[in-house]
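What follows is calculated from the coordinates using simple rules that are stated; it is not laboratory data. Keep in mind the model is a prediction, meaning the values are calculated, not measured. Backbone-built Cβ (ideal geometry, glycine too); neighbour counts: all protein chains shown.
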Amino acid sequence: MGDALQHDTFFHVRVVIGVVVGLTLTRLLLSLARLVQHPGHARFSAIWVGWAVFLLVAVLNLWWFEFGLSVVVWRFEIYAFAVFYAALYFFTCAVLTPDAIEDFARLDAWFDARRVWFYGLLAALLLCDLLDTALKGPAHFADLGPLYPVRQVGLAAAALAAAWARDRRFDAALVVVALASQFALIAGHYDLID
């Protein structure tokens, strides 16, 4: 594939992924805004907010890292995976966020009713990230450090355990660890810590 065609293909893929990422960010931001707009309608849930913030940061991080796909030689199956991966973020966010937050008295009840779906999709996201990172080449994968695959697999396993644990302390610990590891990954990769 020539350089011009490769560039055009990557531009096309970025547009499609950008639409899905935009929908995901819109869904998350609207849900967080509704929580502020209707504070008396849905009782605050720190775990729910923690996962919403985690997904918000993860989606922003995804969009930044997707620029690394510029080195990929595009074939349909790689394109389908990239769109699937972005759509997985949207589905995970859709499961986490109700269409009308004011219709639910307790966000933790909403979360508990959907925990198997949410944690299952979260585990899939974390594992798909390994493949997405591998598509960007061995140098990019190595640049994330030796703990990156351990982090992804460990968090995915913990998410699957949380799906059936139904323990608020476990949920709270997992969201704290997930947020801390996400911020550590960003800080280490973007040279925020010298």
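How large is Rg over Rh for the chain, taking Rg from the Cα atoms and Rh as the Kirkwood inverse mean of 1/r across Cα pairs? All intermediate terms of the calculation are to be shown ahead of the outcome.
On the way: Rg = 17.5 Å, Rh = 17.6 Å.
Ratio of gyration radius to Kirkwood radius: 0.99.
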Rounded to the nearest 20 debye, dipole of the range 53-152 from Cβ charges on Lys, Arg, Asp, Glu: 260 debye
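Any chance you could run the full-extension gain for residue 117 through residue 189? It's 0.36 nm times the residue separation minus the Cα-Cα distance, nm to one decimal.
Values: separation 72, 0.36 × 72 = 25.92 nm, distance 3.02 nm.
Here the segment from residue 117 to residue 189 would lengthen by 22.9 nm.
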Rounded to the nearest 20 debye, dipole of the chain from Cβ charges on Lys, Arg, Asp, Glu: 540 debye
Specify which residue in the list 113, 92, 56 is farthest towards the positive end of the charge dipole of the range 40-133, using unit charges on the beta carbon of Lys, Arg (+1) and Asp, Glu (-1), about the Cα centre. 113
Only Cα pairs within less than 10 Å get springs; with that Gaussian network setup on the chain, which residue of 139, 161, 94 has the largest fluctuation? 139
Other-chain or far-sequence residues with amide H under 5 Å of residue 43's (modelled H): 106, 107
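Hey, what number do you get for the chain at 222 nm if only DSSP H runs of n ≥ 4 count, each worth -39500 (n - 2.57), divided across all residues, to the nearest 500? The partial results should precede the final answer.
On the way: 8 runs with 151 residues, N = 194.
After summing the helix terms and dividing by the residues of the chain, the value is -26500 deg cm²/dmol.
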Using alpha carbons only, how many degrees (0 to 90, rounded to 10) separate the axis of helix 3-37 from the longest principal axis of the chain? 10 degrees
How many angstrom lie between the C-alpha centres of the range 13-91 and the range 129-194? 16 Å
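Longest span of the chain, sites excluded, free of chymotrypsin sites (Phe, Trp or Tyr not before Pro) in DSSP loop with at most 15 other C-beta atoms within 10 Å?
Values: sites that count: 44, 190.
No qualifying site falls inside 45-189, the longest such stretch.
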Row for the range 57-160, column shape: gyration tensor on C-alpha, a ≥ b ≥ c, rounded if a/c < 1.5 i.e. under 1.5, prolate if a/b over b/c, else oblate; value prolate
Taking only Cα atoms, what is the 0 to 90° angle, nearest 10, from helix 147-165's long axis to the longest principal axis of the chain? 30 degrees
